[in-house]
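The values are calculated or read from the model by the stated rules, or taken from the named source; none is laboratory data. Source: prediction; values computed, not measured. Counting neighbours? That spans all protein chains shown, and the Cβs are built from the backbone with ideal geometry, glycine included. Keep in mind that these areas ignore ligands, DNA and RNA; they rest on the heavy atoms of the full protein, side chains included. Shrake-Rupley method; radii C 1.70, N 1.55, O 1.52, S 1.80 Å.
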Amino acid sequence: MTSLFRLFRREPSGKGFVLALGGGGGRGLAHLGVIQALEERDLTPSAIVGTSIGALFGAMYALTPDIRYVRERVQRFLLSHAFSDMKLPVLDGAETEDQTWLGRLMGAARQSVLYTRAATGVGLVDVNVLIDVARTLCENRGFADVRIPLFVTAVQFPSGECRVFSKGDLVRVLAASMALPGIFQPVELDGQRFVDGGLVSELPASEARMVAKRNQIILAVNVGARPRPDVEPDHVIGMLDWAIRTKSYYLRQYKKEFADIVLEPLVHYRQWSDFSRPDAEIECGYRAARERMAELLKSLRA
């Protein structure tokens, strides 16, 4: 699982850094490339703060700080029948070119049965789907098993308060952090319900600043989307999606002010439901980190 080289290598001297991994669905695969570039320079985060998909991949690395192992597990899962054949409610027969399960979900949303769910419930899909994904990829381990301190954001429902978790049921906390409102049901944690941390903190740089020690720097990875200037919505759902993207874009600009270095892989216009090209997304993250590596090393040694 871990190479002999990594077992005996020396940790770099310096003040250390907290890694803040943002939400963004399939675009979050770029996080794996960022971590790969860091690991190549023997740079291990002092802590990881994650939101949504950033929380999931951050947790995997915090549990097993070996990016080759983490990347192989993610890519095997994306190619598995467990991923492609997930039996989500009323997805059969959805007509869409996007054959990822989230893509089929969005296609299925045109069916009247989902319109009924949208009018009578708070989620279209059973959140146990997310719990199963988190349990599989994290091998059913918990906060007590992490080798790098881990912090996960989620939003309390219905108060809207953002919480940062570092203990409890890791699998359910991760599911809560990924539970996109309106798509997935809220997740119950200790008698309260929680949804996607990205609703309030899509780029958890301020939360990373809160947990960092005084001399540690914040390295944030922004994989959020922004509205496309060449695409104009032509229906209500499209307009709502445009409004959410616009609001999120400007909220991330505010959050970026809490980070010392912000990496922004070129994944801005990819749909959050698109997990079809993991190698390309990972490479984007790897290049983004390599381009700023000299700056990061200088900041760590200052």
Exercise for the section: Determine the pairs where a residue that is at positive phi, located within the range 135-159, has a partner that is buried (at least 19 other Cβ atoms within 10 Å of the Cβ) with Cβ atoms under 8 Å apart, the partner being 6 or more residues away or on another chain. Expected result: 139/63; 140/171
Exercise for the section: Select from the range 139-160 the residues that are outside any strand (DSSP E or B) and touching a helix residue (DSSP H, G or I) at 6+ places or on another chain (Cβ under 8 Å) and list them in ascending order. Expected result: 139, 140, 141, 142, 143, 145, 146, 147, 148, 149, 160
Problem - Condition met for residue 32 (in contact with a helix residue (DSSP H, G or I) (Cβ under 7 Å, 6 or more places away or on another chain), of a type outside the set (D, E, K, R) and more than 24 Å from residue 298 (Cβ to Cβ)) - result: yes
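Do we have residue 251 as under 18 Å from the mean Cα position of the chain (by Cα) and crowded, with 20+ Cβ neighbours inside 10 Å here?
It is false that residue 251 is under 18 Å from the mean Cα position of the chain (by Cα) and crowded, with 20+ Cβ neighbours inside 10 Å.
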Practice task
Could you tell me which residue of the range 240-285 is nearest to residue 182 (Cα to Cα), considering only residues that are in a loop (DSSP other than H, G, I, E, B), at pLDDT below 90 and of a type in the set (D, E, K, R)?
Solution key: 274
Handout entry: Close pairs (7 angstrom Cβ cut-off, 6 or more residues apart or separate chains): part of a loop (DSSP other than H, G, I, E, B) in the range 56-81, modelled with pLDDT of 95 or more and open to solvent by 30 Å² or more (accessible area, probe 1.4 Å) anywhere
Key = 65/44; 65/147
Problem - Flag for residue 208 being over 16 Å from the mean Cα position of the chain (by Cα) and in a helix (DSSP H, G or I) - result: no
Handout entry: Residues satisfying the stated conditions in the range 163-187, i.e. touching a helix residue (DSSP H, G or I) at 6+ places or on another chain (Cβ under 7 Å) and of a type in the set (S, T, N, Q)
Key = 166, 177
Handout entry: In the range 14-38, the residues that are outside any helix (DSSP H, G or I) and buried (at least 23 other Cβ atoms within 10 Å of the Cβ)
Key = 17, 18, 19, 20, 21, 22, 23, 24
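Identify, from the list 288, 175, 220, the residue that is modelled with pLDDT of 90 or more and in contact with a Lys or Arg (Cβ under 8 Å, 6 or more places away or on another chain).
Criteria check complete, one pass: 220.
Residue-by-condition table, conditions (1) under 16 Å from the mean Cα position of the chain (by Cα); (2) at pLDDT 95 or above:
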position	(1), (2)
1	no, no
22	yes, yes
57	yes, yes
66	no, yes
Exercise for the section: Considering only residues that are buried (at least 20 other Cβ atoms within 10 Å of the Cβ) and of a type in the set (D, E, K, R), look in the range 180-208 and name the one that is farthest from residue 264 (Cα to Cα). Expected result: 196
Exercise for the section: Take residue 299 and decide whether it is within 19 Å of the chain's Cα centre (by Cα) and either among the charged types (D, E, K, R) or open to solvent by less than 70 Å² (accessible area, probe 1.4 Å) (or both). Expected result: no
Exercise for the section: Determine if the range 192-200 includes at least one residue that is closer than 14 Å to residue 49 by Cβ, touching a residue at least 24 places away in the same chain (Cβ under 8 Å) and not in a loop (DSSP other than H, G, I, E, B). Expected result: yes
Exercise for the section: Please go through the range 166-179 and pick out each residue that is open to solvent by less than 70 Å² (accessible area, probe 1.4 Å) and more than 14 Å from residue 198 (Cα to Cα). Expected result: 166, 168, 170, 171
